[in-house]
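Report on the following structure.
The values are calculated or read from the model by the stated rules, or taken from the named source; none is laboratory data. None of these values were measured; they are calculated from a predicted model. For neighbour counting, all protein chains shown are included, and Cβ atoms are generated from backbone atoms with ideal geometry for every residue, glycine included. Quick note on the areas: whole protein, heavy atoms, side chains included, nothing else; ligands and nucleic acids left out. Shrake-Rupley method; radii C 1.70, N 1.55, O 1.52, S 1.80 Å.
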Amino acid sequence: MAKENKLTGIQKAAILFITLGPEAASGIIKKLSDNEIQKITYEIANTTSVKQEQRSEILEEFIEMNKAKDYILEGGFEYARNVLGKALGTQRAKEILDKVSEATQQYRPFAIARKADAHQLLNVISNEHPQTIALILCYLQGDKAGQIMAELPEDIQTEVAFRIATMDNTSPMVIKEIEKVLNSKLSSVVRTDMTIIGGVETLVDILNQVDRTTEKNITEGLEREDPELAEKIKQSMFVFEDIISLDDVSIQRVLREVETKDLSLALKGCSEEVANAIFRNQSKRAAASLKEDIEFLGPVRIMDVEKAQQKVVSVIRRLEDAGEIIISRGGEDAIIV
């Protein structure tokens, strides 16, 4: 699509209208501003020929962008990213969404309500007229609308459900007025203009890609600043399921340090891949005995399993700190010579 990318937005619009034909183009032009109409019609008048390949590319982009808008309206930006990513690939999906995200967010009514927490939104609209609640729910993501509907009083639920089912056309002025009032109420109880970035998970993702020296420098510095935060990060750095990334010699070394009761509890309900990594690094007799211990446990609490798994992880971290095993990372120690 290299040739098409050299065109301006006005030129693309002109070629699109030529491709669509007079009848379809006239319906779209009516919705444009006088300034846009003037620019596009001027471009149409000065376009003498358009290659079929170029027409196809611009028409394809138009269809893709409209699909992206529909997906954003249906389930939000992340939903659109996931759907388009599966269909077109991550890079192409990003290109399309970069073009339409800002315009779509401005166009979609109740954009702030769509970003707000369901519980906060419920508190704000619960005393509104059922017709107003119904209208707002129609513009929310399905899961969020469902959460709010479930929390409404039973008599109100029926009223709202009936009005949603029988709702037809609503005046844009009415929608705009309701949105204005709702935005005013929401602005006093929730901040919706913040993007969630950073946090422990983000830092862990970064640390998992650096070399061991850099990781130690950062975690040791955090231990001085905030020991509790440092411990939380350490616990997240290597999770129990990551045992499969260890080599067999390292797993055998870990097993010598872990108590059998902790190991059997840690393996309860884990993936077959993780269990096999443990079993193959034991003698046949020890593996059979461990399997019996796991079966003998019966139902156990998830919390107890997680505690046992964390004990195993603590052993792994201790052995790595002592230099007895190596956890492969994305940095220099990803390759061992």
| query | Somewhere in region 152-168, is a residue among the aliphatic types (A, V, I, L, M), modelled with pLDDT of 80 or more and not in a helix (DSSP H, G or I)? | reply | yes
Restricting attention to region 258-283, the residues that are open to solvent by less than 70 Å² (accessible area, probe 1.4 Å) and not polar (S, T, N, Q) number exactly 13
Taking region 255-298 and keeping only residues that are under 35 Å from the mean Cα position of the chain (by Cα) and aliphatic (A, V, I, L, M), one is left with 263, 265, 266, 267, 274, 275, 277, 278
Exactly one of 124, 181 is over 21 Å from residue 79 (Cβ atoms), open to solvent by less than 80 Å² (accessible area, probe 1.4 Å) and in contact with a Leu (Cβ under 7 Å, 6 or more places away or on another chain), and that one is 124
Turns out the helices (runs of 4 or more DSSP H) fully within region 1-82 with at least 3 residues that are among the charged types (D, E, K, R) and at pLDDT 70 or above are 34-45, 52-75
Reported set for region 137-180 where residues are more than 21 Å from residue 111 (Cα to Cα) and among the β-branched types (Val, Ile, Thr) is 156, 158, 166
The lone condition residue 307 fails out of (1) more than 27 Å from residue 216 (Cβ to Cβ); (2) basic (Lys, Arg); (3) open to solvent by 60 Å² or more (accessible area, probe 1.4 Å) is (1)
All conditions in (1) in a helix (DSSP H, G or I); (2) closer than 24 Å to residue 68 by Cβ; (3) at pLDDT 75 or above are true of residue 140 except (1)
